[in-house]
Every structure is written in structure tokens, then in C-alpha cells.
Amino acid sequence: MDLSKDVYYQEKFAKLSHTKEKIHSRVFEDCEFNGCSFIDCTFENCKFLNCAFNECNLTAIIPLKSQLIEVKFSKCKVMGIDWTKAQKITEPNFSECQINYSNFKLLKLPKIKMVKCEAKEIDFIETDLSHGNFTNTDFEKSLFFKTNLTGADFRGARNYFIDVKTNTLKGTRFALPEALSLLNGLDIIIE
């Protein structure tokens with residue numbers, strides 16, 4: 001399938017495979033992508049409204065000036081993406097995904113869901129992640145700095161380093177023993 005139409009509504013796509021292609025000015029509303037691959041593709045001025053990606057490979061895509069509104073990613077590879085290139089992202093939902101090496105710097109993403117994911121080496125500098133759900137996600141080497149984590153849920157999350165002095169943590173939920181890592185940023189001695 002060549003994605004030649006301008007607008008797609010309630011369509012299901014299966015096993016599409018595109019590499020290093022530019023997909024320009026397309027609208028996808030209530031669409032479902034199953035087992036598709038868009039490695040290193042550029043989505044320029046596209047809109048994804050209430051779409052679902054299941055077991056897709058979206059490694060290194062560029063969402064250039066695109067809008068992603070309430071998009072769900074399940075068991076996908078969405079690695080190496082600079083989400084700051086998108087025009088608008090609201091309430092993204094990642095479930096059992098690999099999101100490693102991505103950039104969310106300065107984005108406002110309240111109510112984001114990143115559940116049971118591998119989220120290694122991600123940049124969350126000055127990102128609004130308030131009321132997000134990050135349960136059971138691995139944040140190895142991810143960077144949280146001046147990040148708004150008000151009301152976020154990190155129960156079961158692991159390998160995070162969140163400095164309590166440089167991030168906003170109001171009503172943020174953590175679970176032991178991983179929550180002990182929050183003491184690392186404090187100038188204290190525990191014996």
C-alpha cells in the first residue's frame with residue numbers, strides 16, 4: 001500500500017513496510033496499524049487522531065510538524081525519536097514498548113502513559129509529565145531535570161534517578177525498594 005490518499009478514516013493497515021520514506025500531509029483518524037514498519041521515515045504535516053499502533057516498528061521516525069492526538073502504541077519499537085519535532089502531542093499511550101534513546105525535552109505531556117516499557121536514555125528535561133502513569137517501566141540512564149512529576153505514578157518503575165531538589169514531586173507515587181534511589185540526590189549519609 002502506498003498511502004496515496006490524503007485522508008484515512010477507521011482503516012486497518014497490516015504489515016505495511018516503509019523505510020526512509022517521506023509521508024506528507026496525511027490524516028489518519030481512528031485507524032489501526034498492525035505489524036507495520038516505518039523505520040527512519042519522516043511524517044511531515046501529518047495528523048494521527050485516536051490511532052493505534054500494535055507491534056509496529058517506528059524506529060527513528062521523524063514526526064515533523066505532525067500532530068499525534070491520543071495515539072496508542074502497544075508492543076512497538078518507538079526508539080530514537082525526537083518527539084520535539086512534532087507540532088502537537090496529547091496524551092500518548094505507550095504499553096510494553098521500547099522507547100529508548102528518545103527526546104521529550106520541554107514538551108507538555110500531562111496524563112502520558114508509559115506502562116511496562118523500556119525507556120532507557122530518554123531526555124525528560126523540563127518536561128511536564130504530571131499525572132502520568134509510568135508503572136513497571138525501566139528508566140535506566142534517563143534524564144529527569146526540572147521535570148514536572150506532580151501526581152505521576154512510578155510504582156514498580158526501576159532504574160530511575162530523580163533528584164528531589166531539581167524536579168517537582170507533589171503527590172508522586174513511588175514504591176519500595178526502588179524509591180530509596182530518591183535519597184541519592186540528597187547530601188546525607190545512611191548507615
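To the nearest Å, what is the center-to-center distance of the stretch 129-191 and the stretch 1-78, using C-alpha atoms only?
So the separation of the two Cα centres works out to 32 Å.
I need the peptides 26-32, 54-60 ranked by packing, meaning the mean over residues of other C-beta atoms within 10 angstrom, with the highest value on top.
Per-residue Cβ counts within 10 Å, averaged per peptide and sorted highest first, yield 54-60, 26-32.
Can you compute log10 of I(q)/I(0) for the chain with the Debye formula, treating each Cα as one identical point scatterer, at q = 0.13, 0.14, 0.16, 0.17 Å⁻¹?
Cα-only, vacuum Debye calculation for the chain: -0.66, -0.75, -0.94, -1.04.
Mind jotting down a quarter of the surface of the convex hull over the alpha carbons of the stretch 49-134, in square nanometres, one decimal?
On the way: hull surface 18.0 nm².
With the hull built on Cα positions only, its mean projection is 4.5 nm².
In whole percent, what relative contact order does the stretch 75-171 give with Cα contacts below 8 Å and a gap of six or more residues?
Values: 287 pairs, mean separation 20.0, N = 97.
Taking the mean separation of contacting Cα pairs over the length of the stretch 75-171, I get 21 percent.
Normalising by the residue count of the chain, find the relative contact order in percent from Cα pairs under 8 Å and 6+ residues apart. Walk me through the numbers on the way to the answer.
Numbers: 613 pairs, mean separation 20.2, N = 191.
After rounding, I find 11 percent.
Just want the ordering: Ser25, Ser74, Ser4, from fewest to most Cβ atoms lying within 10 Å of their own Cβ. Before the final figure, lay out each step's value.
Working: Ser25 13, Ser74 16, Ser4 6.
Exposure proxy ranking, most exposed first: Ser4, Ser25, Ser74.
Give the Debye-formula value of log10 I(q)/I(0) at each listed q (0.19 Å⁻¹), with one equal scatterer per alpha carbon of the stretch 92-150, two decimals each.
-0.57
Ratio of Rg to Rh for the stretch 8-95, alpha carbon only, Kirkwood? It would help to have the intermediate numbers written out before the result.
Numbers: Rg = 11.3 Å, Rh = 12.5 Å.
For the stretch 8-95, the value is 0.91.
Ranked highest first by average number of other Cβ atoms within 10 Å, how do 174-184, 129-139 line up?
The densest-packed peptide leads the list: 129-139, 174-184.
Just so you know, all these numbers are worked out from the coordinates, no wet-lab data involved. All figures in this text were calculated on a predicted structure; none of them were measured in a lab. Positions of Cβ are generated from backbone atoms using ideal geometry, with glycine treated the same way; all protein chains shown enter the neighbour counts.
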